[in-house]
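A short worksheet on the structure shown next.
The values are calculated or read from the model by the stated rules, or taken from the named source; none is laboratory data. Only a predicted model underlies this, so the values are computations on that prediction, with no experimental measurement involved. Positions of Cβ are backbone-derived with ideal geometry, glycine not excepted, and every protein chain shown enters the neighbour counts.
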Amino acid sequence: MNWKKILSVTCVLFIGCLGLAASAQTKTHRVVFALTSPDGADWKLTLGNIRNLLAAFPPETAEVEVVAYGPGLSFVLKRSASEVEIQGLEAKHVRFVACENSMRMQHISAADLVSGVEPVPSGVVEVVTRQEQGWSYIKAGR
């Protein structure tokens, strides 16, 4: 068999495998929202932005995370004005996380969080890590 043909076929197969691997990546759009405001109007704006984002991108292509820290931690507490909406977005695979540093400072335990909200060691570190992983950053609120 001709070595040039073997090499050509091998290259084509290799390039094809690279294309399949690239298309197998989990999500195309990864967005992290940093929520630091205790203002209900900012929460409402953020929830609207998330709903609009999910409406624009098919669910299998979008990954969304909301990081609540500082005064924004009140957004993810049980009995907050947004509890039902948070749970609805969680059902659409939006991840909500709460800063443990802020929780400690405000004397809040994991039991005080809306069901499904996950504590992370540091909200700022979570946002920075997501950005370093290529996520788009949105400052929640105004």
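Couple of notes before you dig in:
- Within the stretch 86-98, the set of residues being farther than 18 Å from T129 by Cα and either in a loop (DSSP other than H, G, I, E, B) or more than 16 Å from the chain's Cα centre (by Cα) (or both) comprises A91, K92, H93.
- Positions within the stretch 93-114 being in contact with a Lys or Arg (Cβ under 9 Å, 6 or more places away or on another chain) and in contact (Cβ under 8 Å) with a residue 12 or more places away in the chain, in sequence order: D112, L113, V114
- Only residues that are in contact (Cβ under 8 Å) with a residue 12 or more places away in the chain, closer than 21 Å to R79 by Cα and exposed (fewer than 15 other Cβ atoms within 10 Å of the Cβ) were counted in the stretch 46-64, giving 0.
- Residue count for the stretch 17-38 under the criterion of being more than 24 Å from I86 (Cβ to Cβ), of a type in the set (A, V, I, L, M, F, W, C) and at pLDDT 50 or above: the result is 0.
Residues are listed down the side, and each one gets a yes or a no for (1) hydroxyl-bearing (S, T, Y); (2) in contact with a His (Cβ under 7 Å, 6 or more places away or on another chain); (3) modelled with pLDDT of 95 or more; (4) more than 18 Å from K27 (Cα to Cα):
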{"site": "V84", "(1), (2), (3), (4)": "no, no, no, yes"}
{"site": "E100", "(1), (2), (3), (4)": "no, no, yes, yes"}
{"site": "S109", "(1), (2), (3), (4)": "yes, no, yes, yes"}
{"site": "P119", "(1), (2), (3), (4)": "no, no, yes, yes"}
{"site": "V125", "(1), (2), (3), (4)": "no, no, yes, yes"}
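- For the stretch 66-80, the condition holds for no residue, the condition being that it is more than 18 Å from E118 (Cα to Cα), outside any helix (DSSP H, G or I) and among the polar types (S, T, N, Q).
- Subset of the stretch 96-127 (residues that are exposed (fewer than 14 other Cβ atoms within 10 Å of the Cβ) and under 17 Å from E83 (Cα atoms)): S109, A110, A111, S115, E118
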